[in-house]
Amino acid sequence: PAAYQGLVQKWGNLCPAISPALLAAQLYQESGWNPKAQSPANAQGIAQFIPGTWAEHGIDANGDGKKDVWDPEDAIPSAASYDCDLAKYVKDAPGDATSNMLAAYNAGAYRVIQYNGVPPYSETQNYVKTITTLAKSFEAPVGRVASSKQAAAAIYYAQGKLGTPYLWGGNGTADQNGRFDCSGLTKAAYNSVDIDLPRVANDQWNAGPHPQRDELLPGDLVFFAHNLNDPRTIHHVGIYVGGGYMINAPHTGAVIRFDKIDAPDYIGATRVTADGAKALPTANAG
């Protein structure tokens, strides 16, 4: 979200083990950018610090005289600082410094030192993989990227479905008479070029980097959300075809068609990459 870009950009460069994209991925994973988030385990704020960790590692980054776990101006810098502290604790462990830091964040620095790297815990290994993969989706594209053959083929697939009636939960199967819902269509379109997207629109959001509105290329997925500051509220997705239009399966009673993307609930876009899609969940349905 724009409100946090400056903080993430500044503090994401605090030490070599982190980057702005990695810090953004952690914050998204921990709280979905919600500064009021509180877990059943009493993890608090946008960075989900538990009180004991906050007491030791929280900092007054905005200089207002208090370190406030609920204030992103303190919590985001504290998350970066804590990451860098963890990186120092495990700096002598073999392997990738960033992966070891993330493993220490999840399992504790002692376990990383004990196992000479990421410990053999599935939860920790999945956490490291998830954060490092999500980080790719927060990296800004460098310059304009040519529309890929895969993107063109995905559009071609979707064009072949124009006029097909919408079906909630539709995956285009024979028993559904080839009908789709919005994310079913995008998943099938990219599956036609051997890219396996998650089933649900707000998971598809993380399948690659996020180009700005004026950087859109045909084949980019375009998303619409109830809360423009929270990608987890995404409710609709389409495939951009150029000229401000997308192919999409809009809603019950409609057919797959072209629609304009410029709407009040437009939250952004994703340029699908094979690597970005591989590490995301694919078993969801809805």
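The values are calculated or read from the model by the stated rules, or taken from the named source; none is laboratory data. This structure is a prediction, so every number in the text was calculated from the model and none was measured. Here Cβ is always computed from backbone atoms with ideal geometry, including for glycine, and neighbour counts include all displayed protein chains. Just the protein is used for accessible areas: all its heavy atoms, side chains included, with ligands, DNA and RNA removed. Shrake-Rupley method; radii C 1.70, N 1.55, O 1.52, S 1.80 Å.
See the values below:
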read-out	value
Net dipole in debye of the range 146-279 [+1 Lys, Arg Cβ; -1 Asp, Glu Cβ; about Cα centre; nearest 20]	220 debye
Relative contact order, percent, the chain [alpha-carbon distance under 8 Å, six or more residues apart]	15 percent
Helix 20-31 axis, angle to the chain major axis (alpha carbon atoms, nearest 10°)	80 degrees
Carbon plus sulfur fraction of accessible area for the chain, probe 1.4 Å, in percent	51 percent
Order by protection proxy (mean Cβ within 10 Å, highest first), peptides 105-112, 233-240	233-240, 105-112
For the chain, Cys with no neighbouring Cys Cβ under 4.7 Å	Cys182
Fully extended contour minus Cα-Cα distance, from Asn229 to Ala274, at 0.36 nm per residue	13.6 nm
Extension gain, Gln159 back to Ile113 (0.36 nm per residue minus Cα-Cα distance, nm)	11.2 nm
Accessible surface, the range 2-139, averaged per residue in Å² (probe 1.4 Å)	47 Å²
Probe 1.4 Å, protein heavy atoms only - accessible area per residue of the range 156-286 in square angstrom	43 Å²
FRET E, pair Gln29, Lys149, Förster distance 35 Å, beta-carbon r, rounded to 0.05	0.65
